[in-house]
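K.L.:
Here it is, the structure in full.
The values are calculated or read from the model by the stated rules, or taken from the named source; none is laboratory data. Fair warning: this is a prediction, and the values are worked out from it, not measured in the lab. With ideal geometry, Cβ positions are generated from the backbone for all residues, glycine too; neighbour counts draw on all protein chains shown. What goes into the accessible areas is simple: the full protein's heavy atoms, side chains included, and nothing from ligands, DNA or RNA. Shrake-Rupley method; radii C 1.70, N 1.55, O 1.52, S 1.80 Å.
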Amino acid sequence: MITIVIAEDQKMLLGAFGSLLSLEEDMQVVGKASNGEEAIALVKEFQPDVCIMDIEMPGKTGLEAAEELKGQGCKVIILTTFARTGYFQRAVKAGVSGYLLKDSPSEELASSIRSVMAGKRIYAPELVDDLYGEENPLTDREKEVLELVATGKNTKEIADELSIKAGTVRNYISAILDKLEVKNRIEAITQSKEKGWFK
């Protein structure tokens, strides 16, 4: 049984989502919240498999709640009216498993929950087109260095493999972090994976 907490500040929608998901034989709604703070409290209390979260809610927004729930073992699916790339990028950074728009067909919600439980990420296609339309700013050599970093190689091993000096590798890594506007190698790898830039 997939256990679910729903966070939605519009009571009618909250009721509708709850009723809709309760009709599914393999799903059970264990808690309903009207803002981000309540959602976090319910997730901590019930330890659900999935939390379906609206973005614009009073107090703590769905994105803030998703950021706080990152790494808690509960998969977050954002369900919103807002097809904004900025929101979507922030949600992806927060590690959400799904980002769906409220005008999607209702049966899509249940199938998306099952897909997320199976380890997939489900994002609204129109948002993915916006996000993945971005060009990779790295040169071929920088991409090569980052891919070697992603395999767990250290600076010396990368230098040996590419027949260049360790200092040169460090320069490449520094350039990569600048171009991707990230603080460290892990963030650079994560961003490149999220944007589909790795081979």
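K.L.:
Starting at the first residue of segment 176-184, write each ³J(HN,Hα) from the Karplus equation 6.51 cos²θ - 1.76 cosθ + 1.60 with θ = phi - 60°, in whole Hz, x for Gly and Pro.
P.N.:
Values, residue by residue: 4, 4, 5, 5, 8, 6, 10, 8, 8 Hz.
K.L.:
Next question, about the same structure. Keeping the other protein chains in place, figure out the carbon and sulfur percent of the accessible area of the chain, with a 1.4 Å probe.
P.N.:
On the way: 5170 of 10450 Å².
Accessible surface attributable to carbon and sulfur in the chain totals 50 percent.
K.L.:
Whole-Hz ³J(HN,Hα) for each residue in segment 36-49, computed from phi via Karplus 6.51 cos²θ - 1.76 cosθ + 1.60 with θ = phi - 60°, x for glycine and proline: what do you get?
P.N.:
Karplus values, whole Hz, x for Gly and Pro: x, 5, 4, 4, 4, 4, 5, 5, 5, 6, 9, 6, x, 6.
K.L.:
Near Lys60, which aspartates and glutamates are there with a Cα under 14 Å away, not counting those fewer than 8 places off in the same chain?
P.N.:
Glu8, Asp9, Glu37, Glu38, Glu68
K.L.:
Let me ask something else. Between Glu56 and residues 5 or more places away or on another chain, which pairs have amide H atoms under 5 Å apart, with H built 1.01 Å from N, and which residues are they?
P.N.:
Amide H to amide H, under 5 Å and 5 or more residues apart or across chains, Glu56 pairs with Gly62.
K.L.:
What is the set of long-range amide H partners of Lys75 at a cut-off below 5 Å, with H atoms built 1.01 Å from backbone N?
P.N.:
Val50, Cys51
K.L.:
At 0.36 nm per residue, minus the direct Cα-Cα distance, what do Lys156 and Met117 gain on full extension? Give it in nm, one decimal, please.
P.N.:
Using 0.36 nm per residue and subtracting the Cα-Cα distance, I get 10.1 nm.
K.L.:
Another question about this same structure. What pairs in Lys93/Lys179; Lys75/Lys193; Lys75/Lys153; Lys156/Lys179; Lys102/Lys179; Lys70/Lys102 have C-alpha atoms more than 28 Å from each other?
P.N.:
Flagged as over cut-off: Lys75/Lys153; Lys102/Lys179.
K.L.:
A further question follows. What percent does the relative contact order of the chain come to when contacts are Cα pairs within less than 8 Å and at least six residues apart?
P.N.:
Once divided by the residue count of the chain, the mean separation gives 13 percent.
K.L.:
Per residue, how much accessible area does the chain show when a 1.4 Å probe rolls over the protein heavy atoms, in square angstrom?
P.N.:
53 Å²
K.L.:
Separate question: About its Cα centre, what dipole magnitude does segment 52-138 give when the only charges are +1 on Lys and Arg Cβ and -1 on Asp and Glu Cβ, stated in debye to the nearest 20? Could the numbers behind the result be given before it?
P.N.:
Values: 10 positive and 13 negative charges, 83 e Å.
In debye, rounded to 20, segment 52-138 gives about 400.
K.L.:
Moving to a separate point now. How high is the relative contact order of segment 51-153? Use alpha-carbon pairs under 8 Å, at least six apart in sequence, and give a whole percent.
P.N.:
This gives 22 percent for segment 51-153.
K.L.:
Could you list which residues have their amide H under 5 Å from that of Tyr99, counting only those 5 or more apart in sequence or on another chain, with H placed in the peptide plane?
P.N.:
Ile78, Ile122, Tyr123, Ala124
K.L.:
Just to confirm the number: angle between the C-alpha axis of helix 11-22 and the first principal axis of the chain, 0 to 90 degrees, nearest 10?
P.N.:
That works out to roughly 80 degrees.
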